[in-house]
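Down below is the structure, laid out as structure tokens.
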Amino acid sequence: MIRYTLHCAKGHDFESWFANSAAFDKQKKRGLVTCPMCGSAKVDKAIMAPRLGRTDAAKIEPPQAPAPSAPTPPNATVGSMPAVAPSKASVAMMSPQERELRQKLKELRDHVTKHASYVGAQFPEEARKMHYGEIEHRSIYGEASPEDAKELNEEGIEFHPLPILPDEYN
Ligand SMILES: [Zn+2]
């Protein structure tokens, strides 16, 4: 086999393989060698030297295989690796904006905890007393179970969850 770099009358370059140089001449004469880009049968060998498809040459410099950049198929390790990452891992990369928001949440939280009285588990009771005018209004913070929070909400008592920052669990 012999590969020729061919050149058509319109200036396209392309490569084609032939059994030998005589085969190329014969096919060309019969108009069988056509440019893949424009279909012109007016083709000729380009000036550059044809590369011979000899075995030894092929070993050193193999013919350009199509699509070497195609993604390699994954190794056949069926069942060894989950296709989807476990949903448990809730990690995040924070953008500058998120860092800023996080900082603001922290400031808010610091402000509240600094200026309000901590009432702990008494929070629902204290909040209720204030709401119904049994005690004077003041800023408090503490804990409320989801049920407490729901009840307070239903009674129209305004309160806000304190932002909890992830690293405060550490
Ligand atoms: Zn052409």
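Brief remarks follow.
- Heavy-atom SASA rank of Phe159, Phe18 (probe 1.4 Å, accessible area, largest first): Phe159, Phe18
- By accessible area with a 1.4 Å probe, ligands and nucleic acids excluded, highest first: order of His12, His160: His160, His12
- When both the stretch 125-166 and the stretch 1-16 are represented by their alpha-carbon centers, they are found 83 Å apart.
- Candidate residues Lys129, Lys29, Lys45: accessible-area rank, largest first, probe 1.4 Å: Lys29, Lys45, Lys129
The values are calculated or read from the model by the stated rules, or taken from the named source; none is laboratory data. Every value quoted in this text rests on a predicted model; they were computed, and no experiment measured them. The area values use the complete protein model at the heavy-atom level, side chains included, leaving out ligands, DNA and RNA. Shrake-Rupley method; radii C 1.70, N 1.55, O 1.52, S 1.80 Å.
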